[in-house]
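The values are calculated or read from the model by the stated rules, or taken from the named source; none is laboratory data. It should be emphasised that the depicted structure is a prediction, and the values quoted were computed from it without experimental measurement. Note that each Cβ is placed from the backbone with ideal geometry, even for glycine, and that neighbours are counted across all protein chains shown. Just the protein is used for accessible areas: all its heavy atoms, side chains included, with ligands, DNA and RNA removed. Shrake-Rupley method; radii C 1.70, N 1.55, O 1.52, S 1.80 Å.
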Amino acid sequence: MRRRRVLIAGVPAAIGAYGLTGRSDDESDRGRRERDSTERGHGTGSGPSDEDGPGEDDPDETEGSNEPGREEGEESVLEDSEGMVVFTYDDSPLEDYTLTYEVHREYGVPGCTAACPGHMEERNGYLDPAQLREMQDDGWGVLSHTYRHRALGHIGLTEPARKGDDRIYVQVNRHGAIEDDPLVIFDEETETTATAVGRGSDSSGEYVELAEPIAETVGQSGYVRYPGSFMREVLERTDDRLESWGLEVTGFVYPYGRSEGLAEEIVRERYPAVANHRYGRGHNELAGLDPTAMHRMYVETDTATEDDVDAFMETAVEKDVLAIVGGHSQYDTLTEDRLRYTIEAALEHDLAIVTIEEALARLEAL
């Protein structure tokens with residue numbers, strides 16, 4: 001692919017340092033390959049990270065091909081460019097600073113980091129607050145990713161949770177990752193509470209271990225989630241900690257791609273934008289755009305080929321969409337070469353690389 005040396009003209013002044021430039025578990029163990037297929041999808045170029053495995057409430061990240069294009073002769077609302085693309089990176093690992101930030105700086109374009117401040121404080125291998133502050137001061141967006149990477153959406157049961165049971169079998173045992181987390185186990189008729197003390201798997205599947213036997217029977221059609229009050233507490237704590245470090249939180253990324261149920265309502269109450277709501281291929285139509293229901297495409301080497309990346313950028317040019325890509329810089333599937341290829345593919349197609357906040361401000365102004 002021929003590579004362009006300059007970013008498109010007409011990038012808004014809000015980009016600041018990213019103007020016209022150019023250049024030819026437990027929880028910690030999820031670090032590398034806990035990446036199931038929820039948000040990741042099984043088609044080309046539709047993928048993440050660490051997002052849960054498939055189930056009836058957990059479809060692959062796929063999208064139909066019926067998104068309308070512009071009529072012949074109709075001018076895009078993005079009159080000063082061929083479109084916009086947002087780069088998002090999850091979990092706030094140190095590699096967001098040593099790899100993605102360094103590569104983006106060479107091209108003079110921003111990205112967005114979805115940060116887990118609890119991991120940043122408590123674990124090695126994560127960003128220091130000063131590093132993330134430097135990135136934001138240099139034009140990067142900072143998104144909430146919950147305090148300790150909790151799955152907010154509900155997860156389906158795989159067997160009935162019977163009264164007296166001290167474990168529940170689930171499609172994937174995310175809710176057992178942190179000891180003493182409160183849980184709600186429910187179906188259409190019954191709701192009961194529990195406390196997580198661990199997780200595991202056996203011949204029956206993955207399970208969440210409970211502190212006490214449950215008091216009511218919940219059918220196999222039921223789910224497990226966090227209480228709404230606990231989810232709100234987690235999000236408030238996340239934002240308060242990030243803001244205490246001098247950071248501005250401009251949106252949200254669901255850990256594990258879990259946005260189902262009550263979590264969706266709670267996140268919409270708090271954040272103006274979401275990068276990975278439900279599933280899609282990363283092209284968010286501008287007509288009727290709901291910024292809290294956007295989706296993205298993963299560009300890591302195990303979820304997308306170079307041809308997939310090129311096709312993604314081509315569609316972003318041809319359609320009136322806001323394009324979003326995602327990745328995890330701590331994984332060996334997001335290489336420096338893949339980062340460069342994806343950035344250069346966007347620049348060659350005259351796509352403005354912006355943060356989510358910048359993209360929505362630009363759309364609001366048009």
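Using the 1.4 Å probe convention, the accessible area of the stretch 122-248 works out to 44 Å² per residue with neighbouring protein chains retained. Annotation note: GluC sites (Glu not before Pro) in the stretch 105-190 located in DSSP loop regions with a Cβ neighbour count of at most 16 within 10 Å are Glu179, Glu188, Glu189.
Computed over the stretch 141-217, the percent of Cα pairs more than 22 Å apart is 20.
Tell me the carbon and sulfur percent of the accessible area for the stretch 211-366, rounded to whole percent, probe radius 1.4 Å. Whole-percent figure for carbon plus sulfur exposure: 44. Karplus-based coupling profile of the stretch 141-153, in residue order and whole Hz: x, 10, 10, 7, 10, 6, 5, 10, 6, 7, 7, 7, x, with θ = phi - 60° in 6.51 cos²θ - 1.76 cosθ + 1.60 and x standing for Gly or Pro. Evaluated at q = 0.26 Å⁻¹, the base-10 log of the normalised Debye intensity for the stretch 291-366, with identical point scatterers placed on the Cα atoms, takes the values -1.35.
Toward the positive end of the charge dipole of the stretch 288-366, with +1 on the Cβ of Lys and Arg and -1 on the Cβ of Asp and Glu, the farthest Cα among Phe312, Leu351, Thr292 is that of Thr292. D by Stokes-Einstein for the stretch 203-254, Kirkwood Rh over Cα pairs, 4 °C, 1.567 mPa s: 88 µm²/s.
Binning the alpha carbon pair distances of the stretch 244-357 at 10 angstrom intervals from zero yields the distribution 13, 41, 35, 11, 0, expressed in whole percent. Since only Val142, Ala114, Gly164 are under comparison, the one whose Cα sits farthest along the positive direction of the charge dipole of the stretch 110-164, derived from C-beta charges on Lys, Arg, Asp and Glu, is Gly164.
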